[in-house]
Each structure stands twice: as C-alpha cells, then as structure tokens.
1. Limited to the range A:148-205, what total is found for residues that are in contact with a Leu (Cβ under 6 Å, 6 or more places away or on another chain), within 14 Å of another protein chain (Cβ to nearest Cβ) and over 28 Å from A:V88 (Cβ atoms)?
2. Conditions first: (1) open to solvent by 40 Å² or more (accessible area, probe 1.4 Å); (2) within 11 Å of another protein chain (Cβ to nearest Cβ). B:A79 passes all but one, so which condition is the exception?
3. So which of A:A68, A:A50 ends up being open to solvent by less than 30 Å² (accessible area, probe 1.4 Å) and closer than 25 Å to A:N2 by Cα?
4. Of all residues being in contact with a helix residue (DSSP H, G or I) (Cβ under 6 Å, 6 or more places away or on another chain) and open to solvent by 40 Å² or more (accessible area, probe 1.4 Å) in the range A:139-190, which is nearest to B:D105 (Cα to Cα)? Just the residue, please.
5. Take the residues in the range B:8-56 that are among the charged types (D, E, K, R) and part of a strand (DSSP E or B); name whichever of them is nearest to B:T69 (Cα to Cα).
6. Check B:P148, B:P140, B:P200, B:P123 and return the single one that is open to solvent by 20 Å² or more (accessible area, probe 1.4 Å), touching a helix residue (DSSP H, G or I) at 6+ places or on another chain (Cβ under 9 Å) and of a type outside the set (S, T, N, Q).
7. Do you know which residues across the range A:285-309 are over 18 Å from A:A349 (Cα atoms) and assigned to a loop (DSSP other than H, G, I, E, B)?
8. Taking the range A:90-105 as the region of interest, how many residues are of a type outside the set (G, A, S), under 21 Å from the mean Cα position of the chain (by Cα) and surrounded by fewer than 23 Cβ atoms within 10 Å (Cβ to Cβ)?
Amino acid sequence: MNLHEYQAKDILRGYGVPIPAGEVATSPEQAEAIAMKLGTAVMVKAQVHAGGRGKAGGVKFCKTPADAKEKATAILGMHIKGLTVEKVLVTTAADIASEAYVGIIVDRQRKKPVFMVSAAGGIDIEEVAAKTPEKILYVPVDTRYGLRGYEAMRMGFFLYQDIKLVKQAAKIMQQLYAAFMASGCSLAEINPLVGTPSGELIAVDGKMVVDDNELDRHKDIEALRDVSSEAPSEVDARNCNLTFIKLEGDVGCVVNGAGLAMATMDLVKYYGGEPANFLDIGGSSNPEKVVNALRIITADPAVKCILFNIFGGITRTDDVANGIVTATKSNPLKVPIVIRLTGTNEEIAMKILTENGFSASSDMDEAVQKAVQLAKGGKAA
Amino acid sequence: MSIFIDKDTKLVVQGITGRDGSFHTKQMIEYGTKVVAGVTPGKGGQTFEGTVPVFNTVYDAVEKTGANTAVIYVPPMGAADAIMEAADAGCALVVCITEGVPVLDMTKVYPFVKEKGARLLGPNCPGLISPGASKVGIIPGRICAPGPVGVVSRSGTLTYEIVYQLTRAGIGQTTCVGIGGDPINGTNFIDCLAAFEKDPHTKAVAMMGEIGGTDEQEAADFVKHHMTKPVVGFIAGQTAPPGRRMGHAGAIISGSAGTAAEKIDAFKAAGMGVAKRPIDFVDLIKAGLK
C-alpha cells in the first residue's frame, strides 16, 4: 500500500526526522490560509499516487499566500497519469545548498532491507543506479540486530565532508530505519534530503510503501488508505477478499490461484484475445466468492465474454458450479460464459452445470480459444 | 527416488487442530505420509483422529517422536515464530504453507534458519510431494504419479495443472516442489535444480516461474553451467502490467525489471526448452526424456 507524501512525512516526523512545516489543503482558500500561517514562501504539492508530479506541473513554488491560492486552484482537480488531484500539501519552501538521496528497500536477492544513499539526490535513483552506479552506496541491514551506529556513520561520511552534517545524516538514517521497521514498510525514502545554506539537513520529500501483509498489525496505517486513486472495482474486490486487477481487454477471467490466473491471461493473449482482468478467487471454494467475482466482472462494460478456469485441487469444482448457478439466477448474464473445470468432484460439477443449461469443458486450451472467439463476436466452434 | 522427502520422512504438523491443518493432515495420512506428531500450544496430551499425539511445543514433539520434518499451517502473524521454533527444535526440513507472512519477518527468519542448518520451503507455498512415497503440504496426491520428472514451481494451481497434464500423458514425477510466491523464500529454484541434478532417478526437470525478481534468471545461469539433465521452463505473467502485485506478493514487475520477456530470454540463452503454454510441457519433456 502506497502512502501519500504528507502521510509519510507525518510518520517520519513522529520518529524525529526533520521535516519542513506544512499542512494538507483540499481547497484554494485552505491553501492560502496555510501559507499565511506558515509565513514563508511555500511549495504547493499535488498529493497523488503517481511519479513525475513535478514534470506534470503538480509541484509549484509560491512567494505569497495569494500566489499559493492561485497555484492551488490550478493543481487541485488536475489529472496526473489518469488520477485526479484532490489534495495538495502546502509546505515551507527550503533553501537548498545540497541534495542527497536516502532510501531503504527490501532486497529480494540479499533477503534483507538495503539502504541506498547517493549525493546525487533529487533525481530518479534508478537512473543513477543504471548510469553511474559508483555514486550509490548500498548498506544491507541485518534486521535481527538493526542498523548499527557505524553503518549509519559510514553512510553519513559517504554523503558529506562536514562532520556536523555527517552526524546529522547518521541520526536521520536511524530515524528513517526505525520508521521503516515500525511501519512494516517494503520501501521508505527521502528524496531529496536537503542541506540548507545554514548547515541543517531536512527531508523535503518522503515516500513510504507498506507491505500489504503487515496491515493486520497496523490498523492505524490501513486507515490511511486513499481509495480515490484506485479503480472502484478493485476496492470492491478487496472488500470481498478477492485479488482483482483491472486490465484493458474484453475477456473477463475468473481463476483459482495466482499462477494459474496469470497463465490463463497469457493464454488468452496467445490465442489472440485480450484479458479484461486478473482475478484470483483463492483456494477455498466458498460459493459466495464466485458470486462476488461474477458481480465485479460483469460490472465492467468492456467485458464481452466471461471465462472460468478452475483447477480443483483443494477447491471443489462442484462448489464453484453451484456458485455460478446461484449468481446467474439472481443476475442473469448479458454476455456469454465459457467454463473450464477439472479436478476434485468434476463429474458432479459437470452435472450441476448441464442441468442448469450451462456447458463446460475440462480442457484449458479449448476453453480459452472459445472465450476469445466469443469476445470477438464470433460463434463458438 | 526423490528429493527432500521420502518414505523415511517423519512429519510434525504445526497448527494440527486448526481448520486447514486438520483437513490437510487427514489428506497427508491418507496419502501415506508418516505423520508422527502435531503441535498446538495448550492442546498437548490430546490425540488427533485418535492416532496422532498432539504436543504443546515442537521440542516435545521432536523429542518424543523423532520427527525430522515440520509443516506449518498457522496464521500469518505467528508463522515466523513457528518456522524458527521448528528449526531450533532440530527439524531438518520446515515447510511453511501459510500465505501472508510479512516480508520483514522473513528477513529475520531466513538467516536464523540458515544458521540452524535447516532447509525452509516457502512460505506461501503448496509444499511438496514425492509420488508414491510421501507428501508434505497441500498438493493433491491423485494428480501425481511416480516417474522420472522433477517439478519445481513458484505457484500452486498452475503446478497442479501442469503435473496433471504430465500424469495424463503417462509422465510421472520424482518430486514436485512448490517454492512459493513470496519475495523472500527459504528454498529457491537453484536449490531444487541442484537436488534434481544429484538425484539419479530424475531424468528431466519442469520449472515454472513467474514475473518479479531475478530467481529465474539465476536459475537459468545455473542450468547452463551446472546441469546435465534437460530443463523445460515456463513463465507466467506475460500479460501482467508493471507495478502491480499479481496475487503473489513476489509477482510484481518493478520499474522495467522482472518481466516475463527477460526471464524467457534467460531460459533461451541457457539452452532450456521454453513452454509457451502449459500444455507444451508434455511434448518438450517427452523430447527431453528421449
């Protein structure tokens, strides 16, 4: 789960990281009032889950409160990468003498969180890593012991010469690490970490991504979720305990298991179609999940055909068949459905479907080909 | 023959009295797995289904029954502790079925298990099965048959699909291993490939990967330099959009890294067979066995 900049900054501030004063506004008048209260030149920054906010014109420098109101008027309601800006952060503008990048990410290869720091801050760190890898210092952390003092100091010395800045930076590393661990993050970064002309370090931008598997432990962070940036169908699916990702195609897929769901989408593409979604109904065969899955998929007007692909291992295929029958009785389908079932209780499932006017196949390739044809408006072979 | 588990595997089930634990324990016993003990704290002294003694701790279970392998069906927030307990109690193989284990928990568990000298499989995996000998986890026994093919995969139902198609085509398996779909897992493709290379009864290997990370690319490199047996690979997620977690926590394309195309290229560069569809495994494995 991604946090907004202002949410990440609130958390980091709680761990002692120096953050410029600021507040969130949802109207130009509010933005003006916050700028007035701060009494400084401010930055007005779009709060939206998309990279490249600056390039899109979503981050502006404002000298006066009136200026802040004007810039906020332009930014609120703006579309950045398909997302509407509903909030802006109004925050004191910093005087910049230097910019550094400081981030921690869980590294799959090292199986540890790894700090990445670079004096080439304020820009895309992936680009730095690709073009000038020597400008980045990587420091893996053994989470059983935590970030050690000497590791934090080493990063400080990599970034700065002045011992005062080195010590400040080392302290910020410890604070960032504490926030990262306590919030269950998979990524946390300060970019840029700004050095001011008066010799202070401040975190001008902050980003945190929280591991979804941690949310049961962190109800306070779960409560920060902003659903306005998500497709409503995805929010609906999550509330029904389904994993659903909306795509651009027209073949709606209902599959059990993430790997098989991906393989099914790929097979749709292989036979010349386009999948409308990723949907995993999971391992349990609760008929309710099938009902919810069908409701979510049929709500998408782009879907021209529905494809079920169920491999009954733990999942009982007769439960899925019953789910399909129940769901379509209360909400008759407006588009064709192709069902592929095999495995546990396959014979019973086939009988249930046939008795209720459905046909089903036990062959995955056959079913996918048929669904692709039907989505294109053709008749099934 | 097989890898990791066989007829001598003596299993302790952690979370044996829970909903999933009890269901799958019955299935494992039915398949012929030697389930020697169960663990549920507070229920020590009871017996499961009148035959399997239940203990309060894995230490008690290992001491009283000689269990050498543990399987874990406990909720995600307790899974890290359960894994470390099993490794500390001396189980050589620890299989964690639980889905949803926080990745930061795994950063502590992984080095702990290594230091204890144990092998962890998973988390978020279906376990493993050596057809005809033993199964640990949730892979349905009736879709497998004994034979010459080693199977290793990051997913559950996709593995079942491919194993089932192999079995129907008359191609049996030495061992089928599900390594799990999380970003940090105990056993990777290379561990399994190395074990299959050593196992005299395995004649070919079927490997199912997916988008995210670099495990498949490293496995391809291993195949190129260290494997004499034919390996056929498949990657799920060719149509997955970047930046989205495709069900499995580890199945995510980060920036431009971890795509299906880059993994398939690695397979080709290693001289592996590449299955474009699950059904293609049948012909490619048949060719490899000749």
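The values are calculated or read from the model by the stated rules, or taken from the named source; none is laboratory data. Please read all numbers here as calculations on a predicted model, not as lab measurements. Note that each Cβ is placed from the backbone with ideal geometry, even for glycine, and that neighbours are counted across all protein chains shown. Note: areas computed on protein heavy atoms with side chains; ligands, DNA, RNA excluded. Shrake-Rupley method; radii C 1.70, N 1.55, O 1.52, S 1.80 Å.
1. 1
2. The number of the failed condition is (1).
3. On the way: A:A68 fails: closer than 25 Å to A:N2 by Cα.
Exactly one of A:A68, A:A50 is open to solvent by less than 30 Å² (accessible area, probe 1.4 Å) and closer than 25 Å to A:N2 by Cα, namely A:A50.
4. A:R144
5. Initial filter on the range B:8-56 (among the charged types (D, E, K, R)): B:8, B:10, B:19-20, B:26, B:30, B:34, B:43, B:49.
Narrowing the set further to residues that are part of a strand (DSSP E or B) leaves B:10, B:34.
On the way: B:K10: 6, B:K34: 10 Å.
Among those that are among the charged types (D, E, K, R) and part of a strand (DSSP E or B), it is B:K10.
6. Values: B:P140 fails: open to solvent by 20 Å² or more (accessible area, probe 1.4 Å); B:P200 fails: touching a helix residue (DSSP H, G or I) at 6+ places or on another chain (Cβ under 9 Å); B:P123 fails: open to solvent by 20 Å² or more (accessible area, probe 1.4 Å).
Residue meeting the stated conditions: B:P148.
7. Within the range A:285-309, A:A299, A:D300, A:P301, A:A302, A:V303, A:K304 meet the criteria.
8. Number satisfying all stated conditions: 1.
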